[in-house]
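Notes follow once the structure below has been shown.
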Amino acid sequence: MKQGLLCVSFGTAVPAGQKDLVSLEAALRQAAPALPFYRAYTSSNICARLADQGRPVDSLPQALERMAADGIRQVALQPTLLLPGREYQALLDQAEPFRSRFDRLEIGRPLLWTETDIQTLADALCAVWPCLPGQKTVLMGHGSTGGNEAYIALQGALESRDRRDLLVGTMRGEPGIDALLTRLGQGENARVLLAPLLLTGGGHTLREMAGETPVSWKNRLLAAGFEVECSLRGLANRPPVQGLYQKRVAELLSIL
């Protein structure tokens, strides 16, 4: 049976963010070098913007149609999502009508699926950001107003590794920037590395995290007296995190 690997992301139109995704896609290609590789974005708005710019990327239905036309009979579909939230459910809904077009269509799990996954990501984050004297690292996740249990659990996992210098916050819900500022206290010229706990250094990274408005996380930290450095590189471009997605692909291929 002809098998194919499909990498599905929410997507971004920011060039730096797209480079992050391309880096992750290259890592997934390495996890299955013998298989034809396909990519898709689930955001219709981003797909439309890229098409207008002459940089088209398939939507998920378009990618599955392309695979069927190419004679792929068994599909390993790996999302690059962090959490099994609304976007993951939308992906499942879009893929479901195509099951009859293939002999097998297996869909991988987001990165944070179980408690063990949270522990594994904590190890990867510790590898990405080693402890440096006099520096705190603040990681900005997306979050939601409906509950941020995974982010809270991730913070607990980091603290259990004695990494109290790594602080996790979210744009939506708690812990937000106000809660992080309370934990950090007054800056007094202390150093903070600000980085995205997001797949890409896309729009949220450029606006909410490192933007020039007074309410950006960078400027909130500067106003509190911290010396701030921003890293715009998304998780998709971090080898320890890429390795976790490669394991997801290996799980998929083991059941095809």
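The values are calculated or read from the model by the stated rules, or taken from the named source; none is laboratory data. The structure displayed is predicted, hence computed values, not measured ones. No Cβ is skipped: glycine too gets one built from the backbone with ideal geometry, and neighbour counts run over all protein chains shown. With ligands, DNA and RNA removed, areas are computed over all heavy atoms of the protein, side chains included. Shrake-Rupley method; radii C 1.70, N 1.55, O 1.52, S 1.80 Å.
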Any pair with Cβ under 6 angstrom, 6 or more apart, that starts in the range 146-158 at a residue that is within 16 Å of CYS126 (Cα to Cα) and ends at one that is open to solvent by 30 Å² or more (accessible area, probe 1.4 Å) and assigned to a helix (DSSP H, G or I): ALA157/GLN119
Evaluation of PRO97 against (1) at pLDDT below 95; (2) touching a helix residue (DSSP H, G or I) at 6+ places or on another chain (Cβ under 9 Å) (one fails), failing number: (1)
Entirely in the range 6-119, the helices (runs of 4 or more DSSP H) that have 1 or more residues that are open to solvent by 60 Å² or more (accessible area, probe 1.4 Å), closer than 25 Å to GLY201 by Cα and not hydroxyl-bearing (Ser, Thr, Tyr): 15-31, 44-52, 86-95
Close pairs (8 angstrom Cβ cut-off, 6 or more residues apart or separate chains): farther than 19 Å from GLY211 by Cα in the range 226-240, open to solvent by 40 Å² or more (accessible area, probe 1.4 Å) and not aliphatic (A, V, I, L, M) anywhere: ASN237/LYS19; PRO240/ASP123
Selection count, the range 123-164, where residues are over 18 Å from the mean Cα position of the chain (by Cα), in a loop (DSSP other than H, G, I, E, B) and surrounded by 16 or more Cβ atoms within 10 Å (Cβ to Cβ): 1
Residues of the range 134-151 satisfying the condition of being touching a strand residue (DSSP E or B) at 6+ places or on another chain (Cβ under 9 Å) and more than 18 Å from LEU199 (Cα to Cα): GLY134, GLN135, LYS136, THR145, GLY146
